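The values are calculated or read from the model by the stated rules, or taken from the named source; none is laboratory data. Computed from a predicted model, the values in this text were never measured in an experiment. Cβ placement follows ideal geometry from the backbone for every residue including glycine, while neighbour counts extend to all protein chains displayed. All accessible areas refer to the heavy atoms of the entire protein, side chains included, with ligands and DNA or RNA removed. Shrake-Rupley method; radii C 1.70, N 1.55, O 1.52, S 1.80 Å.
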Amino acid sequence: MKTIIEPFRIKSVEPLTMTTELERESFLKKANYNLFALKSDDVLIDMLTDSGTSAMSTKQWAGIQLGDESYAGSPSFYRFESALKELAPFKHIIPTHQGRAAEKILFSLVGGPGKVIPNNTHFDTTRANVEATTTEALDLVRQEGLDPRLEHPFKGNMDLARLRDLLETRTDDVPLVMLTITNNSGGGQPVSMENIRETKKLCEEFGKPLFLDACRFAENAYFIKLREPGYADKTPKAIVQEIFSYADGMTMSAKKDALVNMGGWLALNDDELAMSARNMLILTEGFPTYGGLSGRDLEAMAVGLEEVVEEDYLNYRIRSTEYLGNALDKLGIPIMKPVGGHAVYIDARAMLPHINPLNYPGQSLAIEMYRVGGIRACEIGTVMFGKQADGKEFPAAMDLVRMAIPRRVYTQSHIDYCIECLDLVNQKKASLTGLNITWEPPMLRHFTAHFNPL
Ligand SMILES: *Cc1c(COP(=O)(O)O)cnc(C)c1O
């Protein structure tokens with residue numbers, strides 16, 4: 001059989017609330033045209049993020065019942081720790097309430113004025129946490145990663161020449177090197193095993209630790225299996241193990257590839273840094289065997305880590321994202337290619353060339369998708385990245401709209417509905433207008449800014 005089906009059946013259902021276009025127009029006004037401000041009850045298909053939106057399995061829910069809520073030394077912690085060490089055998093595993101808490105702790109310890117942390121592309125919270133310590137957050141993704149329509153199997157790859165240049169010219173300013181797998185801000189594009197290995201080699205040459213921002217490690221591993229010579233016959237788990245063998249530490253949002261709704265961790269090998277991290281953890285998260293989490297959350301993560309490397313799951317996962325991407329491509333909608341792991345990214349700047357990037361074509365498209373079909377997607381472009389710390393605005397490298405696919409949540413007919421909606425939006429694209437920002441906070445403005453359609 002060639003048909004790939006959802007490798008699960010549904011035991012418990014959540015009703016969706018149907019709304020009319022007229023109702024959605026009023027919800028948009030109330031939300032100041034910021035989709036983050038909508039009530040999720042008013043959203044039909046929520047593709048705002050794949051973060052924390054996974055459906056848990058029966059085994060994970062069973063794990064929730066087994067959660068042990070002891071303050072210290074809970075067996076749930078040890079189950080989580082051993083499930084993680086099976087994939088990523090770091091010496092110190094420090095749970096946090098989500099990924100950014102791990103980032104905050106790590107960068108507070110290694111960052112500081114005059115320092116610089118390179119990454120293929122810093123994710124928005126990562127960048128914000130690096131910059132909050134007055135450290136420079138430098139993106140060094142290879143040139144291919146910046147061309148939204150160029151077909152390349154590993155567009156998340158680090159530009160090794162530029163990394164070498166940085167390590168040579170500013171050796172003492174670099175406390176560590178980061179690599180984000182998959183490259184979220186660059187379109188969910190994977191990093192090849194070769195690039196991870198070569199990045200590690202460079203780090204070793206300059207005596208720098210390599211940390212993975214590993215939120216989508218399993219999706220990245222599956223792309224390696226599909227696309228990199230020599231990996232077709234390896235299991236996703238073996239590929240994941242090889243990936244982590246090159247790293248000295250990781251930050252993780254368990255809301256992605258640990259298949260849970262809340263959680264994260266910092267893992268590392270350095271004893272001294274781990275001790276400082278645990279001290280800090282106690283100030284802001286909690287005792288080191290629970291971090292910011294309940295025992296039941298740790299159980300659910302332990303099971304999620306086993307399920308996420310299952311081949312049937314990853315095959316379905318990567319295929320369903322591709323299904324949406326291929327359909328939009330057939331409609332002539334410009335998308336980022338090849339399709340990434342967790343989302344389809346529409347190139348709003350190419351789709352709406354009549355809208356100036358400083359009037360946010362991505363925001364305009366995302367709003368229209370909600371108005372027409374009740375779909376909530378996320379602008380990743382000039383709203384999110386187009387403002388410097390000194391307040392100056394500039395067009396971001398790209399203006400994308402991300403349709404993130406929650407894990408194990410929507411069926412193929414939900415996706416077919418989205419495709420029909422995009423078809424309608426595409427037919428009226430010439431009538432879409434840009435927006436102005438009427439209010440914004442000093443940082444991370446995309447979450448709360450107010451917009452006014454032109
Ligand atoms: C989600 C994400 C984070 C932050 O994790 P949270 O759990 O949302 O705090 C960091 N890096 C990447 C690449 C992410 O996708």
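Residue ranges 237-248, 170-181, 6-17 sort as 170-181, 237-248, 6-17 when ordered by packing (mean number of other C-beta atoms within 10 Å per residue, highest first). Helix-only arithmetic for the chain: the sum of -39500 (n - 2.57) across DSSP H runs with n ≥ 4, divided by the residue total, places the mean residue ellipticity at 222 nm at -12000 deg cm²/dmol. For the chain, the antiparallel share of DSSP beta bridges with both residues in that region comes to about 65%. In the chain, the portion of solvent-accessible area held by carbon and sulfur atoms comes to 53 percent [1.4 Å probe, whole percent, DNA, RNA and ligands not counted].
Before I look further, what does the chain give for accessible area per residue, probe 1.4 Å, in whole square angstrom? If you can, show how the numbers build up before the last one.
Numbers: 18700 Å² over 454 residues.
Accessible area per residue: 41 Å².
Under the simplified labelling scheme, the LYS59-ILE4 pair shows an inter-label distance of 2.0 nm, with each label point 7 Å from Cα along Cα→Cβ. Using the Cβ-Cβ distance between LEU22 and GLU393 with R0 set to 35 Å, the FRET efficiency from 1/(1 + (r/R0)^6) comes to roughly 0.55.
When only Cα pairs under 8 Å and 6 or more residues apart are kept, what is the percent relative contact order across the stretch 143-257?
Computed value for the stretch 143-257: 26 percent relative contact order.
PHE90 sits among other residues whose Cβ lies under 12 Å from its own Cβ, and their net charge, with Lys and Arg +1 and Asp and Glu -1, is -3.
Within the assembled protein chains, the solvent-accessible surface assigned to ASP271 is about 80 Å², based on a 1.4 Å probe. Size descriptors for the stretch 58-307: radius of gyration and Dmax over Cα atoms are 17.4, 54 Å. Could you please report the charge total around GLN427, scoring K, R as +1 and D, E as -1 over all other residues with beta-carbon less than 12 angstrom from its beta-carbon? Residues near GLN427 contribute -1 overall.
Label points 7 Å out from Cα along the Cβ direction at GLU194 and TYR78: separation in nm? So the label points at GLU194 and TYR78 sit 4.4 nm apart. Between LEU358 and MET443, the simple label model (points 7 Å from Cα in the Cβ direction) yields a spacing of 2.6 nm. Volume per residue of the convex hull around the Cα atoms, evaluated for the stretch 142-219, comes out as 89 Å³.
Amide H contacts of THR96 (H built 1.01 Å from N, in plane; Pro and chain starts excluded): GLY264, TRP265, LEU266, GLY292 sit under 5 Å, all sequence-distant by 5 or more or on other chains.
Multiplying the residue separation of GLN143 and ASN261 by 0.36 nm and removing their Cα-Cα distance gives an extension gain of 39.1 nm. Binning the C-alpha pair distances of the chain at 20 Å intervals from 0 yields a P(r) profile of 26, 59, 15, 0 %, listed from the shortest bin outward.
Normalised by the residues of the chain, what does the relative contact order come to in percent, with Cα pairs under 8 Å and at least six apart? Contact order relative to length: 23 percent.
Plugging the Kirkwood radius over Cα pairs into Stokes-Einstein for the stretch 45-99, at a temperature of 10 °C and a viscosity of 1.306 mPa s, what D comes out in µm²/s? Spell out each step's value before the answer.
On the way: Rh = 13.5 Å.
Estimated diffusion coefficient is 118 µm²/s.
Relative to the current alpha-carbon distance between PHE36 and ARG319, full extension at 0.36 nm per residue lengthens the span by 99.1 nm.
May I ask you to derive the FRET efficiency for SER70 and LYS11 from their Cβ-Cβ distance with R0 = 30 Å, giving the value to the nearest 0.05? Could you put the intermediate results ahead of the total?
Working: r = 30 Å, r/R0 = 1.00.
Efficiency computed from Cβ-Cβ geometry: 0.50.
Under the criterion of Cα pairs below 8 Å and six or more residues apart, the relative contact order for the stretch 37-171 equals 14 percent. Cross-link pairs exceeding 23 Å between alpha carbons, from the set LYS104/LYS255; LYS104/LYS225; LYS59/LYS237; LYS104/LYS387; LYS85/LYS225: LYS104/LYS225.
May I ask for the net charge around ALA404, where only other residues with Cβ less than 15 Å from the Cβ of ALA404 are counted and Lys, Arg are +1 while Asp, Glu are -1?
Values: positive: ARG216, LYS255, LYS256, ARG317, ARG376, ARG402, ARG407, ARG408; negative: ASP46, ASP50, ASP124, GLU219, ASP257, GLU322, GLU379.
Counting the neighbours of ALA404, the net charge comes to +1.
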